[in-house]
Amino acid sequence: MPSQRNVLAFVCLVIFLDALALGLILPVTPDLIAQLTSLPNSRAAEVSGYLMVAFAGAQFFSAPILGGLSDCFGRRPILLLALLGFVVNYFVMAVAPTLAWLFVARVISGVCGGTFPAANAALVDVTAPADRPRAFGLTGGALGLGFILGPPVGGLLGEYDYRLPFVAAGVFTFAVFAYGWLVFGETLPAERRRAFDWRRANPLGSVRSVAGYPVVFALLLANFCVQLSSQSYGTIWAFYTIEVAQWSKWAIGLSAGAYGFMVVLVQGGLTGPVVKRFGEWPALWFGLTMAALSYLGFAFVTGPVGIYAFIVVGGFAGFVFPAMQSLMTKGIPENAQGELQGALASSFCLAAIIGPVVMSHLFSVFTSGAGVHFPGAPFVAGVALVVCAAFVLSQWGRPRAVAKIPAEG
């Protein structure tokens, strides 16, 4: 089995380059949609939301299957398949002549499941429970580092040709695929694998399995609310900054890079020490508070200074996911960690199916010129969802109930 250090390094590389590729295309997505559809900014945001739904819908059905297959056959083939799917996605988007081809590309990448579930499961395979908060923090830092570099570079490339960032994203992702094919070893030994079960390999099967652990299920539900709230940022950021501050592609990329810097600082540098000193639960509650404050700020700011101020505040929400994920992995058997990652992926996908439609529609309604002009409306919805997550945790997510669970037979 590969060493923890080598697996952590490779997983961080995969997540870094995945985020880099996603960041490259963020600033140019409005231009690509506008060129293919001739729609105004408010309507183009809705199309962008539907593209995200196409990806998430395909991933919603495929992720639990791939999670179960990774528990049966190992992490390596699933991770490589996910990377290859993203390569195809980016190159198709780079040459797409119509909007329909963009949807085809997003469905392909969604069916392949994405890289995060397989990468996280591989990391859990080789990491002791006590070390997982730090490991997840480092992967979060790698994610943030990709978003520091990706959006500014994508914005710069987009100033020359709005399709060039998609080519760059495809090249970077293919390089990771080739590297993984050559050097990444299997992390799940044969004795820790389990038989594939179609009854559990469906969009709700892995979630139902997690429901057998009530506190873990409460954490999963709270995580869903937080993921849904984050769609207020992920769906409309480029369109929102154009509406509020009239930013160029380069300025949009810089702002997303600033957010990535905060994620690196918090998840890569602070999560491990903070969780070690104070524990997962205090870190989780602090992160939720910062998330709510940042969304509230974005809802009402009117210029660049306010936007950047609340980017800093929102960066401290980066404590939330590593703390939640660490708590959940401690409450699930060792031979079902892939299934847990499948449940997390399904939760994320469900949020990414619902969220973009709701958030982009809210943005479109409040920026169409037909009524009240309030581009921050999706962020108000984000605040409400964070409050829902806090309520779920306060009622059912008691820390005393999370305990070490023996492996299933």
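Since every read-out is calculated from the coordinates, none of them should be taken as a lab result. Just so it is clear, the structure is predicted and the values come from calculations on it, not from any experiment. Here Cβ is always computed from backbone atoms with ideal geometry, including for glycine, and neighbour counts include all displayed protein chains.
For helix 337-367, what angle does its Cα long axis make with the longest principal axis of the chain, in degrees from 0 to 90 and rounded to 10?
Once rounded, one gets 20 degrees.
Of PHE319, ILE15, GLN246, whose Cα points farthest to the positive end of the dipole of the chain (charges on the beta-carbon: +1 Lys, Arg; -1 Asp, Glu; origin at the Cα centre)?
Farthest towards the positive pole: PHE319.
Suppose each label sits 7 Å from its Cα in the direction of the beta carbon; what would the GLU159-TRP396 distance come out to in nanometres?
With each label placed 7 Å out from Cα toward Cβ, I get 5.0 nm.
Can you run phi through the Karplus equation (6.51, -1.76, 1.60; θ = phi - 60°) for region 134-150 and list ³J(HN,Hα) in whole Hz, with x for Gly and Pro?
Residue by residue, region 134-150 yields 5, 5, 5, x, 5, 5, x, x, 4, 4, x, 4, x, 7, 5, 7, x Hz.
Using unit Cβ charges (K, R positive; D, E negative) and no other charged atoms, how large, in debye to the nearest 20, is the dipole of the chain about its Cα centre?
760 debye
Of all the Cα-Cα pairs you can form in region 22-149, what percent are over 23 Å apart? Please list the in-between numbers first.
Details: 3422 of 8128 pairs.
Pairs farther apart than 23 Å: 42 percent.
Please report the net charge: other residues with Cβ closer than 14 Å to the Cβ of ALA283, K and R +1, D and E -1.
Spelling it out: positives minus negatives among the neighbours equals +3.
Could you identify which residue out of ALA352, ALA317, ALA299 has the top mean-square fluctuation in a GNM of the chain using Cα springs shorter than 10 Å?
In this elastic network of the chain, the residue with the biggest mean-square fluctuation among ALA352, ALA317, ALA299 is ALA299.
Label TRP281 and ILE354 with points 7 Å out from Cα along Cα→Cβ: what is the distance between them in nm?
In this crude spin-label approximation the distance works out to 2.6 nm.
Share of Cα-Cα pairs in region 65-129 beyond 16 Å, in percent?
On the way: 1021 of 2080 pairs.
Of all Cα-Cα pairs in region 65-129, 49 percent lie more than 16 Å apart.
Whole number please: convex hull volume per residue, Cα atoms of region 125-191, in Å³.
In region 125-191, the Cα convex hull volume per residue is 97 Å³.
Rank PHE379, PHE300, PHE278 by mean-square fluctuation in a GNM of the chain with C-alpha springs under 10 angstrom and give only the top-ranked residue.
PHE278
Spelling out what I want: for every residue of region 267-284, take phi, set θ = phi - 60°, compute 6.51 cos²θ - 1.76 cosθ + 1.60 (Karplus), and round to whole Hz; glycine and proline get x.
Per residue, the Karplus-derived 3J(HN,Hα) values read 7, x, x, 9, 4, x, x, 5, 5, 4, 7, 10, x, 5, 5, x, 4, 5 Hz.
Find which of ALA58, ALA130, TYR259 sits farthest along the positive direction of the dipole of the chain, computed with +1 on the beta-carbon of Lys and Arg, -1 on that of Asp and Glu, about the Cα centre.
Checking the options against the dipole of the chain, the answer is ALA130.
Where does helix 377-396 land angle-wise versus the long Cα axis of the chain, in degrees 0 to 90, nearest 10?
Taking Cα atoms only, the helix is inclined about 20 degrees.
Magnitude of the Cβ-charge dipole of region 105-248, K/R +1 and D/E -1, about the Cα centre, nearest 20 debye?
In total the dipole reaches around 520 debye.
With a 10 Å cut-off between alpha carbons and a GNM built on the chain, which of ALA118, ALA54, ALA390 moves the most?
Answer for the Gaussian network model of the chain: ALA390.
Give the residues of region 5-25 whose amide nitrogen is closer than 20 Å to a point set 7 Å from the Cα of VAL183 in the direction of its Cβ.
Answer for region 5-25: 5-21.
When N counts the residues of the chain, how does its alpha-carbon radius of gyration compare numerically with 2.2 N^0.38 Å, as a ratio?
Its radius of gyration relative to the 2.2 N^0.38 Å reference: 0.92.
Could you work out the pair-distance distribution P(r) of region 235-294 from its alpha-carbon pairs, with 10 angstrom bin width and percents rounded to whole numbers?
Computed distribution, short to long bins: 20, 38, 26, 15, 1.
Could I have the simple spin-label model distance between TYR308 and GLN246, label points 7 Å from Cα toward Cβ, reported in nm to one decimal?
Placing both labels 7 Å along Cα→Cβ, they lie 1.9 nm apart.
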